[in-house]
Amino acid sequence: MRKGFTYSILLVALFCSCGLCLAQKTSIKELQAQKQAALARIEETNRLIAQSNQDQKLSTRKLELIASQIATRNSVISNIAQQIAQYRKEISLLETGIETKAREIDTLKRQYASFLRQVQFKTNSYSVIFSVLASSNAAQLYRRVRFYREYLAYQRDQHSRIAHEEQELSARKQLLESKRDELLALQREENQNRQNLQSEQQSYDNTLSQLKAQEKELRKALQEEQRRVTKINQAITKLLQEEAEQNKKTARNAAYKTLSKHFAKNKGKLPWPVRQGAITRGYGREQNKIFKGVTTTSQGIDIAARSNSAVLAVFNGTVTKIAHIPGGNNVVIVRHGDYLSLYSNVREVTVRTGEQVKTGQTIGSLLSETAGQKASLHFEIWHGFQSQNPQLWLAP
């Protein structure tokens with residue numbers, strides 16, 4: 001009874017350890033996918049920086065792009081650090097498991113060798129044939145024949161069991177070596193990204209120093225930009241109020257509630273409203289990168305992207321508002337139950353008011369780069385009358 005209980009405990013422990021490894025592998029795969037997405041954004045930001053370098057006049061756009069690149073690079077380094085921690089944990093578990101398995105095999109071999117010595121002593125004294133023939137009756141004959149059959153079967157089983165355990169031990173050792181190689185590769189990748197971060201930080205400092213030499217001109221441009229953004233925000237607020245009044249007439253049926261619930265469940269998983277881009281202005285209050293004490297406030301985020309990039313719906317919904325805002329170009333509002341997504345600086349809108357859109361569907365294209373205008377999408381998410389931080393809703 002106790003022996004069976006011990007085997008059950010060992011099986012449960014093995015099952016749990018395997019489950020833990022699988023869970024960690026899944027987590028590592030998710031981290032790897034997030035890292036690849038971040039590296040793709042860094043690559044796209046590099047292209048945008050190279051594009052800004054072609055301008056004869058240095059602008060704050062390059063500084064914003066480098067700052068975005070630094071933020072993304074830090075997220076990559078953090079991601080790799082998490083993977084390294086996971087790998088170290090897996091390696092530690094594998095090392096412990098290998099040591100335990102090696103001890104179990106050694107114990108199994110010693111027990112089997114001891115058993116063979118005892119049985120061999122008996123069989124040397126009395127041959128199997130003589131023992132069987134010397135049976136005093138049929139019952140004894142049957143018992144002796146059964147004993148030798150069971151002995152041979154046990155011998156085969158023990159050989160097979162030891163071979164199986166040794167194969168499993170060998171497989172674990174190979175997996176351990178593979179994990180160690182992957183860990184070394186990650187550590188090298190982490191070092192390379194830290195070197196890249198230092199280079200990007202130096203580029204940021206140099207660009208900032210050059211821009212500060214144009215302080216008067218840039219301060220004037222900043223004031224004009226702040227006035228433009230204020231007008232755009234006021235116009236957007238008016239549009240949102242109008243949309244809210246329209247929405248009061250919408251029935252809160254099961255489909256409406258289900259859409260709200262599904263949108264909420266996808267927080268942190270929504271696709272980006274452009275396929276490739278870099279966040280150059282974050283949500284809420286931000287310190288100006290050039291002028292100390294100067295802050296800006298935004299109800300959404302700005303995503304720099306290539307001119308004419310497709311603007312995409314981030315979730316299933318209904319287009320409830322399309323309007324033109326001076327300085328902000330076209331604004332498209334899509335309702336997702338109790339939630340709204342807002343896309344500003346859109347040209348060539350390809351949807352109509354009242355149209356049902358799907359996740360990832362093109363709703364327009366990004367405004368081309370022109371004098372005084374940047375190819376940036378302004379993106380907002382609202383829950384009722386409360387603005388949300390889009391970065392918390394978009395996939396990493």
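The values are calculated or read from the model by the stated rules, or taken from the named source; none is laboratory data. A quick note: this is a predicted structure, and the numbers were derived from the prediction, not measured. In this analysis, Cβ positions are derived from the backbone assuming ideal geometry, glycine residues included, and neighbour counts consider all displayed protein chains.
I'd like to know if the range 324-339 contains one or more residues that are among the small types (Gly, Ala, Ser) and assigned to a strand (DSSP E or B). No, that holds for no residue. The condition (being farther than 17 Å from residue 396 by Cα, part of a loop (DSSP other than H, G, I, E, B) and not basic (Lys, Arg)) is satisfied by just one residue among 250, 258: 250.
The single condition among (1) surrounded by fewer than 11 Cβ atoms within 10 Å (Cβ to Cβ); (2) within 30 Å of residue 325 (Cα to Cα) that residue 222 does not satisfy is (1).
If the requirement is being assigned by TED's automatic domain parsing to the domain that holds residue 186 and at pLDDT below 80, which of these qualifies: 108, 65, 94, 116?
Exactly one of 108, 65, 94, 116 is assigned by TED's automatic domain parsing to the domain that holds residue 186 and at pLDDT below 80, namely 116.
Consider residue 359 carefully, then state whether it is in a strand (DSSP E or B) and polar (S, T, N, Q). Considered against the rule, which asks whether it is in a strand (DSSP E or B) and polar (S, T, N, Q), residue 359 comes out as no.
Summed over the range 327-353, residues that are modelled with pLDDT under 90 and either among the charged types (D, E, K, R) or within 18 Å of residue 248 (Cβ to Cβ) (or both) total 2. Looking at 297, 320, just one residue is modelled with pLDDT under 95, over 22 Å from residue 262 (Cβ atoms) and in a strand (DSSP E or B), and that residue is 297. Within the range 202-218, restricting attention to residues that are exposed (fewer than 14 other Cβ atoms within 10 Å of the Cβ) and of a type outside the set (Asp, Glu), the residue that is modelled with the lowest pLDDT is 216.
Scanning the range 356-378 for residues that are among the small types (Gly, Ala, Ser), within 15 Å of residue 331 (Cα to Cα) and modelled with pLDDT of 85 or more returns 364, 365, 376. If you go through the range 154-163 and keep only what is closer than 14 Å to residue 106 by Cα and surrounded by 11 or more Cβ atoms within 10 Å (Cβ to Cβ), you end up with 158, 159, 161, 162. Taken over the range 260-279, the criterion of being charged (D, E, K, R) and more than 18 Å from the chain's Cα centre (by Cα) is satisfied by 261 alone.
Please identify the pairs in which a residue from the range 273-284 that is within 25 Å of residue 317 (Cα to Cα) has its Cβ atom under 6 Å from the Cβ atom of a residue that is among the acidic types (Asp, Glu) and buried (at least 18 other Cβ atoms within 10 Å of the Cβ), counting only partners at least 6 apart or on another chain. Sorted first by the residue in the range 273-284, then by its partner, the pairs are 276/44. Answer yes or no: is there a residue in the range 307-325 that is touching an Asp or Glu at 6+ places or on another chain (Cβ under 8 Å) and more than 27 Å from residue 246 (Cβ to Cβ). Yes, because at least one residue in the range 307-325 is touching an Asp or Glu at 6+ places or on another chain (Cβ under 8 Å) and more than 27 Å from residue 246 (Cβ to Cβ). Within the range 173-216, the set of residues being among the charged types (D, E, K, R) and under 26 Å from the mean Cα position of the chain (by Cα) comprises 177, 179, 180, 181, 182, 188, 189, 190, 194, 200. Taking residue 185 as the residue in question, decide whether it is farther than 14 Å from residue 67 by Cβ, surrounded by fewer than 16 Cβ atoms within 10 Å (Cβ to Cβ) and not assigned by TED's automatic domain parsing to the domain that holds residue 87. Against the criterion (farther than 14 Å from residue 67 by Cβ, surrounded by fewer than 16 Cβ atoms within 10 Å (Cβ to Cβ) and not assigned by TED's automatic domain parsing to the domain that holds residue 87), residue 185 does not qualify. Could you please give the count of residues in the range 301-317 that are surrounded by 19 or more Cβ atoms within 10 Å (Cβ to Cβ) and part of a loop (DSSP other than H, G, I, E, B)? Qualifying residue count, the range 301-317: 5.
All conditions in (1) free of Cβ contacts under 8 Å to residues at least 60 places away in the same chain; (2) in contact with a Lys or Arg (Cβ under 9 Å, 6 or more places away or on another chain); (3) among the aliphatic types (A, V, I, L, M) hold for residue 211, with the sole exception of (1).
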